[in-house]
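For reference, the structure discussed in these notes is given below.
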Amino acid sequence: MSDTYSPIPELNLLKEFDDECADFYSPGFELREYHKGFWLESENSEFDDRVIPFAQATTSGSLYALWRFDDRADLATLPVLFLGDEGDLYVVAHNLRDLFWGLLDEEFDGPAPTRQTYLDTRQAYLTWLERNFGPAAPTFERSPMEEHGWRFVDWLLSVGEEDAADVVIENLALFEVSRPS
């Protein structure tokens, strides 16, 4: 049995960094066991096979997960989902690198700590990010919801997750994302 955290090199790099941290580097973010746990209270193996949780997103228990909408080899390029502890659901990032840069948003899970160990760890994270993925966040023409939201809705409906699809549709309306023609 391998001691590797995941089959994704980018996540393994983050896990190595994470294991050396003295504090959090993003409010609410914490790696968890790769592809373990569930969000929906269903026994839908199609959902569970294609939604791969890997991190806690907030201090209240929301999760980040990859959405495996196809069978590409490079899992790091899959969209990242936010699975809220109160039932919220949306596409939060285009891929892992987009999420990694997004973790610098200190206001996502409430005010950031002001303790020095947090500030030092956060600076170390930024240095790690720039060293491993370049000096700037990736740019995209459309938001993650614009890019993947309606495809995600259609997939949820195809695997029988109507309630989850309704939540995503509400978020698409909130983000003012119309269905493409």
- the chain accessible area per residue, 1.4 Å probe, protein heavy atoms, integer Å², reads 54 Å²
- Using Cα pairs under 8 angstrom and six or more residues apart, how large is the relative contact order of the stretch 36-181, in percent? 18 percent
- Item | ³J(HN,Hα), Karplus 6.51/-1.76/1.60, whole Hz, each residue of the stretch 55-69, x for Gly, Pro | 8, 7, 9, 9, 5, 8, x, 5, 10, 9, 8, 7, 9, 8, 7
- Message: How long are the semi-axes of the equivalent ellipsoid of the stretch 49-98, defined as square roots of 5 times the Cα gyration tensor eigenvalues? Whole Å, largest first.
- Response: 19, 10, 9
- Shape of the stretch 12-76, Cα gyration tensor, a/c cut at 1.5: oblate
- Note on the structure: Interchain or sequence-distant (5+) residues whose placed amide H lies within less than 5 Å of the amide H of LEU31 are GLN56
- Quick one: pull the percent of accessible area on the stretch 50-181 belonging to carbon and sulfur, 1.4 Å probe, ligands and nucleic acids left out. 49 percent
- Query: Hey, got a sec? Which chymotrypsin sites (Phe, Trp or Tyr not before Pro) in the stretch 75-181 land in a DSSP loop and have at most 16 other Cβ atoms within 10 Å?
  - Reply: PHE140, PHE175
- HIS148, HIS35, ranked by accessible area, largest first (probe 1.4 Å): HIS35, HIS148
- Note on the structure: Answer in debye to the nearest 20: the dipole magnitude of the stretch 96-175 about its Cα centre, from +1 Lys/Arg and -1 Asp/Glu charges placed on Cβ, is 560 debye
- Task: Determine the gain in length on full extension of the stretch THR117-GLU43; use 0.36 nm per residue of separation and subtract their C-alpha separation, reporting nm with one decimal.
- Result: 22.5 nm
- Note on the structure: If R0 = 25 Å, then SER143 and ASP85, at their Cβ-Cβ distance, give a FRET efficiency to the nearest 0.05 of 0.65
- Query: Taking a spot 7 Å from the Cα of ARG179 along the direction of its beta carbon, which residues of the stretch 128-151 have an amide N less than 18 Å from it?
  - Reply: 145-151
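The values are calculated or read from the model by the stated rules, or taken from the named source; none is laboratory data. Note that the structure is a prediction, hence the values are computed from the model and not measured. Here the Cβ is made from the backbone with ideal geometry for all residues, glycine too, and neighbour counts use every protein chain on show. In case anyone asks, the SASA skips ligands and DNA or RNA and just uses the protein heavy atoms, side chains included. Shrake-Rupley method; radii C 1.70, N 1.55, O 1.52, S 1.80 Å.
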